[in-house]
Amino acid sequence: MLRIALIGATGAVGRECLALLDAGAVPLAEVVPVASARSAGTDLAAELDLSLPLAPLTPLEEWDRTGADVALLCAGAEISRREGERLAAAGALVVDNSSAFRMRPDVPLVVPQVNPGALAERPGSGLVANPNCSTIQLVRALQPLHKLAGLDDVVVATYQAASGGGLRGLAELGEASARMLSDVGAPAEPPGRFGQPLAFNLVPEIGLPDETGFAHEERKLACEPRKILGLPELRITATAVRVPVFHCHCEAVRIRVRRPVTAAQVEDALAATPGIRLYRRTDAVPYPMPRFAAARTEDRALVHVGRVRVEPDDPHGVWLWVVADNLWVGAASNAVEIVELAVKHGWLG
Ligand SMILES: NC(=O)c1ccc[n+]([C@@H]2O[C@H](COP(=O)([O-])OP(=O)(O)OC[C@H]3O[C@@H](n4cnc5c(N)ncnc54)[C@H](OP(=O)(O)O)[C@@H]3O)[C@@H](O)[C@H]2O)c1
């Protein structure tokens, strides 16, 4: 039976972790929710209708940091950098949702459906990193193609939802959209969580650009898949765009594979992969869309793939449209599945 500390429990990802733990993902002695002092008095059990053994919410400054078998970090990279190693030194297996440790060689970067072998042994660092939300759905769709025909080159354009910016991002999009619908001529809202107004807009830069012009989100998408897929030479590049959609990230992906393929072969490989729902052109719903991909609980942990095309003049050129719930596939369910793997390996409890 595990004692799990959930840091960032009141946030968009933290709340989804609580829902998954409440659904019985792992055997629990206690979940200790931790957040900032701003959230003092929040009753998450009542708000989220939870029945798991939940301690009262503790502000991070007052939390004693002892006795946790697992620490799930969902409070941003700054808190992860400050707390991660300290919690690992205190004996917890730390599963971090931020970018703080992802590229460290002593920290496995894990998508359980893709590289469970990275968790064959408990990491000496005590840290396991959850990849970026856009990375997770991308590598889950790429892996069957890698097995089928080998990956040579990947170009991805993302269409990322407001919930990727946490609860504040969701609130900003909702409020600004309502304001504009009641007054189309209203002045634009000041830059907030997304750096630019998002309502009825597209923001083609997520995170700060470096001297090459590639933004932080795009750099993560270029590095993390190489580590997860064990393909350090893979050529991969991205444009990341924030779109005025509440939930689910979408990706248009162009893959150059090493051996020639047909669209039917690609579809069959995707359809045979657990955790992927394939949409064929002839299906009643012919492609996945963000409004519907996470509408039912059973869809939220799936990667939805459609619009499979092989270029008529190049049997190495494959296109996919990939949609997934960034809060589940891209964060909470991936993190909880990492804990499940650790339990299976007998490292915990
Ligand atoms: N949203 C996504 O789609 C997504 C996907 C993958 C990974 N992630 C990563 O997951 C993490 C959480 O993201 P989110 O979207 O859930 O953000 P969020 O909705 O803004 O939630 C942030 C959480 O962190 C807590 N927090 C912030 N500052 C704190 C402080 N100084 N001390 C203690 N707690 C503090 C907040 O507590 P209060 O409520 O008390 O402020 C809240 O519980 C981030 O690292 C993010 O990059 C997010």
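The values are calculated or read from the model by the stated rules, or taken from the named source; none is laboratory data. The structure presented is a predicted model; accordingly, all values stated were derived computationally and were not measured. Cβ placement follows ideal geometry from the backbone for every residue including glycine, while neighbour counts extend to all protein chains displayed. Ligands, DNA and RNA are excluded from the accessible area calculation, which covers all protein heavy atoms including side chains. Shrake-Rupley method; radii C 1.70, N 1.55, O 1.52, S 1.80 Å.
When the helices of the chain are scored as -39500 (n - 2.57) per DSSP H run of n ≥ 4 and the total is divided over every residue, the value at 222 nm lands at -9000 deg cm²/dmol.
Hey, for a label at residue 42 modelled as a point 7 Å past Cα toward Cβ, could you say which residues of the range 153-170 have their backbone N under 14 Å away? Residues 166-170 fall inside that zone. The calculated FRET efficiency for residue 64 paired with residue 104, based on their beta-carbon distance and R0 = 35 Å, is about 0.85. Note on surface exposure: 65, 82, 277 rank 82, 277, 65 by accessible area, highest first, 1.4 Å probe. Largest first, the extents of the alpha carbon coordinates of the range 135-326 on the three principal axes equal 53, 45, 30 Å. Solvent-accessible surface of protein heavy atoms, probed at 1.4 angstrom with all chains present, puts 57, 138 in the order 57, 138, largest first.
For the chain, the antiparallel share of DSSP beta bridges with both residues in that region comes to about 45%. Ignoring ligands, DNA and RNA, what percent of the 1.4 Å accessible area of the range 208-264 is carbon and sulfur? Reported share for carbon and sulfur atoms: 59 percent.
Stretching residue 216 away from residue 171 to a fully extended chain increases their span by 13.9 nm, per 0.36 nm per residue minus the current alpha-carbon distance.
What the range 135-326 shows is 48 Å² of accessible area per residue, with the surface traced by a 1.4 Å probe over protein heavy atoms.
Once the Cα-Cα distance is subtracted from the 0.36 nm per residue extended length, the residue 49 to residue 184 segment shows a gain of 44.8 nm.
Projected label points at residue 1 and residue 298, each 7 Å from Cα along the beta carbon direction, are separated by 3.2 nanometres. Sequence-distant contacts, meaning Cα pairs under 8 Å at least 6 residues apart, place the relative contact order of the chain at 19 percent.
Among the protein heavy atoms, those of residue 216 account for about 70 Å² of accessible surface (1.4 Å probe, every chain in place). Using the Cα centre of the chain as origin and beta-carbon charges of +1 (Lys, Arg) and -1 (Asp, Glu), tell me which of 310, 260, 28 is placed farthest towards the positive end of the dipole. Final value for the positive-end residue is 260.
Computed across the chain, the Kirkwood hydrodynamic radius from all distinct Cα-Cα pairs reaches 20.9 Å.
Peptide packing: for 125-132, 294-301, 73-80, 263-270, the average count of neighbouring Cβ atoms within 10 Å per residue gives the ranking 125-132, 73-80, 263-270, 294-301, highest mean first. The distance from the alpha carbon centre of the range 108-125 to that of the range 1-36 is 21 Å, rounded to a whole number.
Label sites at residue 340 and residue 235, each approximated as a point 7 angstrom past Cα along Cα to Cβ, lie 3.8 nm apart.
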